[in-house]
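Notes follow the structure.
Every number in this text was worked out from the coordinates using simple rules, so none of it is lab data. Fair warning: this is a prediction, and the values are worked out from it, not measured in the lab. Ideal geometry is used to build each Cβ from the backbone, glycine not excepted, and the neighbour counts take in all protein chains shown.
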Amino acid sequence: MKRVNELCYGRLSDGRWIFQTASDTSDISIITGEFYQNPQVFSATGHIQDYLIRFLLRTAFECRFCHEGIVSLHAACVENGEYAVAFTGHSGLGKSTRAKAWVDHLGFEWISGDRPAIRLEKEGSTACGVPWDGKEQIFRDVERPLKAILEVRRSNANYVRRLSTDQARKLLMQQTFVPMWDTDTAVLAMANVRKLIRQTPVYRVFCGPDGDAAKEIYDILFHHPEKIREEGEDMKIKDGFVLRNVVDEHIVMPTGDNIAKFEGAVVLNDVSAFVFEQLQRPVGMEDLLEAVLNEFEVDEATAKADLEALIANFEEMGLIEK
């Protein structure tokens, strides 16, 4: 048996797959066919624990989804009776909070608090509720055409930026289930992601968590699409650098292999540290400037010149990748 996070998996001699949790106290196994069909539950003691069954069955079904043209998306998903909208992005950025604002202030209802199944159609895609979820435990047995996928970014300003095909692919490859232990099935999962972004628009949404922000973003997306900003070139801080606050100083420290390559540490002021934090995720220069203007009292010309100089300095130090 091999292990990925909390999941142990292996392949039987006849080609079938077996899944178990990494817990030493669990005696539950799920065995599927070679292509993850016909999952069967086994327990040595007969004591079936619901949460373990949900976890293992979810894994087995998500593997099967790859063969059926279905994407399991790490997202909060809501619907209004006609169509669905999915909020995705890295953990801790407020996907569920933004989705809840649409429920509370725009009359939407939940499909899933996390991990809806997105079925690829001949044209477009369909968001489907599934009987499992993350920490929210919110799911409904409904299906709606998926109108848009929104990558959430925190901001005091409310606006929407279109993502390029490459930007959308990189984002969704991080936010979808891909069984890397099975090369053939992983290839299918990646092909499904590519098809999804061809058929469903993906946007980067900068907004606050309240009802006014939800209404403004909704209005841009569905009533004033001419206000949607065009795609821009992304940049981010390279992996292997972290920002720490030490005795009221912001210090950039190398980690891992970068320790030997990067001499010493870099001390940043408040503005530079803020920009460094924004660059932890891919972002364009225009959006960086907008974030600085919203956070600090500075005129646009000065902010732009200072930001360009700072990015050039980060590039010279080898901190930036594009």
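Take residue 76 and decide whether it is of a type in the set (A, V, I, L, M) and assigned to a strand (DSSP E or B). Considered against the rule, which asks whether it is of a type in the set (A, V, I, L, M) and assigned to a strand (DSSP E or B), residue 76 comes out as yes. When residue 159 is tested against (1) within 24 Å of residue 199 (Cα to Cα); (2) hydroxyl-bearing (Ser, Thr, Tyr); (3) out of contact with any Phe, Trp or Tyr (no Cβ under 6 Å at 6 or more places or on another chain), only condition (3) is not met. Residues in region 114-133 that are in contact with a helix residue (DSSP H, G or I) (Cβ under 6 Å, 6 or more places away or on another chain) and assigned to a loop (DSSP other than H, G, I, E, B) were compared, and the one that is surrounded by the fewest Cβ atoms within 10 Å (Cβ to Cβ) is 124.
Would you mind stating whether residue 110 is touching a strand residue (DSSP E or B) at 6+ places or on another chain (Cβ under 8 Å), aromatic (Phe, Trp, Tyr) and in a strand (DSSP E or B)? Step through it out loud before you land on a result.
Values: touching a strand residue (DSSP E or B) at 6+ places or on another chain (Cβ under 8 Å): yes; aromatic (Phe, Trp, Tyr): yes; in a strand (DSSP E or B): yes.
Against the criterion (touching a strand residue (DSSP E or B) at 6+ places or on another chain (Cβ under 8 Å), aromatic (Phe, Trp, Tyr) and in a strand (DSSP E or B)), residue 110 qualifies.
With respect to the conditions (1) out of contact with any Lys or Arg (no Cβ under 8 Å at 6 or more places or on another chain); (2) over 30 Å from residue 291 (Cα atoms); (3) without any contact (Cβ under 8 Å) to a residue 60 or more places away in the chain, residue 166 lacks only one, and its number is (2).
Looking across region 134-163, just one residue is surrounded by fewer than 21 Cβ atoms within 10 Å (Cβ to Cβ), under 15 Å from the mean Cα position of the chain (by Cα) and in a loop (DSSP other than H, G, I, E, B), and that is 134. Are any of the residues in region 188-200 of a type outside the set (Ser, Thr, Tyr), surrounded by fewer than 20 Cβ atoms within 10 Å (Cβ to Cβ), in contact (Cβ under 8 Å) with a residue 40 or more places away in the chain and over 30 Å from residue 4 (Cα atoms)? Looking for residues that are of a type outside the set (Ser, Thr, Tyr), surrounded by fewer than 20 Cβ atoms within 10 Å (Cβ to Cβ), in contact (Cβ under 8 Å) with a residue 40 or more places away in the chain and over 30 Å from residue 4 (Cα atoms), one finds at least one in region 188-200, hence yes.
Out of curiosity, is residue 179 touching a residue at least 60 places away in the same chain (Cβ under 8 Å), crowded, with 20+ Cβ neighbours inside 10 Å and outside any helix (DSSP H, G or I)? Break it down into steps so the answer makes sense when it comes.
On the way: touching a residue at least 60 places away in the same chain (Cβ under 8 Å): yes; crowded, with 20+ Cβ neighbours inside 10 Å: yes; outside any helix (DSSP H, G or I): yes.
For residue 179, the condition - touching a residue at least 60 places away in the same chain (Cβ under 8 Å), crowded, with 20+ Cβ neighbours inside 10 Å and outside any helix (DSSP H, G or I) - is met.
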